[in-house]
């Protein structure tokens with residue numbers, strides 16, 4: 001995110017540079033919420049989920065902060081801004097040119113671990129949307145032998161390959177971050193409303209009301225500021241998200257008519273993909 005801090009070094013703080021620096025910086029911590037997607041596969045989630053969050057977040061935050069402090073302490077600001085790979089520049093100054101080859105390997109291993117975590121959790125996210133009737137039924141099915149959500153994994157792979165059509169990683173980060181913080185804010189707002197309107201719901205994991213309120217304010221800031229700094233980019237993100245609305249109305253929202261013996265186009269496609277991918281619904285697998 002040092003690319004967008006160049007104006008800050010020169011004393012030129014603008015709404016655009018600040019918002020983009022926030023997005024790029026927070027992207028490094030973007031995995032904090034992915035554990036919630038696999039709560040159904042955790043052992044004793046009410047105990048282990050908060051424990052994993054309280055242990056993992058401070059640990060990762062300390063490591064990231066210390067790494068960035070090391071970068072700023074060793075690499076001059078001019079070289080930091082001009083470097084295409086800050087970690088390689090840092091290792092060159094600290095370890096010398098003979099050992100600098102190890103840094104790209106460590107970076108590749110870190111990226112591989114991040115991708116593995118994203119694939120593991122994002123696929124469950126799509127599968128849960130299918131179980132709630134918001135995506136095609138085939139997306140929520142699991143493999144008959146390995147119990148993995150193969151259709152959801154293939155969808156995640158396809159979406160990832162689609163994002164590779166652009167080589168500008170910062171555009172992808174900005175698009176993803178705006179959509180992520182927009183919906184995160186909406187979810188937190190919904191939870192606060194439910195806490196007021198449905199106070200008697202079972203809540204096994206409780207937090208102080210100050211935490212979601214502060215988090216909601218941060219989400220509003222990270223959503224509203226880019227609208228003024230980058231209106232075209234944020235407008236495109238909104239259009240992309242709204243493009244799924246008519247598809248949902250046509251294929252999922254309309255009333256279902258159960259005609260005995262009639263096979264719809266969706267059911268034919270679902271059966272064909274089931275045979276091809278060897279998948280069934282979780283209920284069929286474990287019944």
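The values are calculated or read from the model by the stated rules, or taken from the named source; none is laboratory data. Just so you know, these numbers come straight off a predicted model, no measurement behind them. Backbone-built Cβ (ideal geometry, glycine too); neighbour counts: all protein chains shown.
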Exercise. Might you check whether a residue that is modelled with pLDDT of 85 or more, farther than 30 Å from residue 84 by Cα and exposed (fewer than 10 other Cβ atoms within 10 Å of the Cβ) occurs anywhere in the stretch 217-231?
Key: no
Quiz prompt | The listed residue being outside any helix (DSSP H, G or I), more than 23 Å from residue 118 (Cβ to Cβ) and modelled with pLDDT under 85, out of 268, 256 | solution = 256
Quiz item: When residues of the stretch 80-117 are filtered for being surrounded by 16 or more Cβ atoms within 10 Å (Cβ to Cβ) and part of a helix (DSSP H, G or I), how many remain?
Solution: 8
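Would you say residue 69 is over 30 Å from residue 244 (Cβ atoms) and either surrounded by fewer than 16 Cβ atoms within 10 Å (Cβ to Cβ) or in contact with a helix residue (DSSP H, G or I) (Cβ under 8 Å, 6 or more places away or on another chain) (or both)?
Answer is yes for this residue.
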Practice problem: Could you grab me the full set of residues in the stretch 37-55 that are surrounded by 12 or more Cβ atoms within 10 Å (Cβ to Cβ), free of Cβ contacts under 8 Å to residues at least 12 places away in the same chain, part of a helix (DSSP H, G or I) and within 20 Å of the chain's Cα centre (by Cα)? | Solution: 39
Self-check item: Options 146, 124: the member that is part of a loop (DSSP other than H, G, I, E, B) and either at negative phi or buried (at least 19 other Cβ atoms within 10 Å of the Cβ) (or both)
Solution: 146
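I'd like to verify a number: residues in the stretch 234-250 that are surrounded by fewer than 16 Cβ atoms within 10 Å (Cβ to Cβ), more than 25 Å from residue 133 (Cβ to Cβ) and under 19 Å from the mean Cα position of the chain (by Cα), how many?
The number of residues fulfilling the criteria is 1.
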Quiz item: For the stretch 8-25, does any single residue satisfy the condition of being part of a helix (DSSP H, G or I), farther than 22 Å from residue 179 by Cα and at pLDDT below 85?
Solution: yes
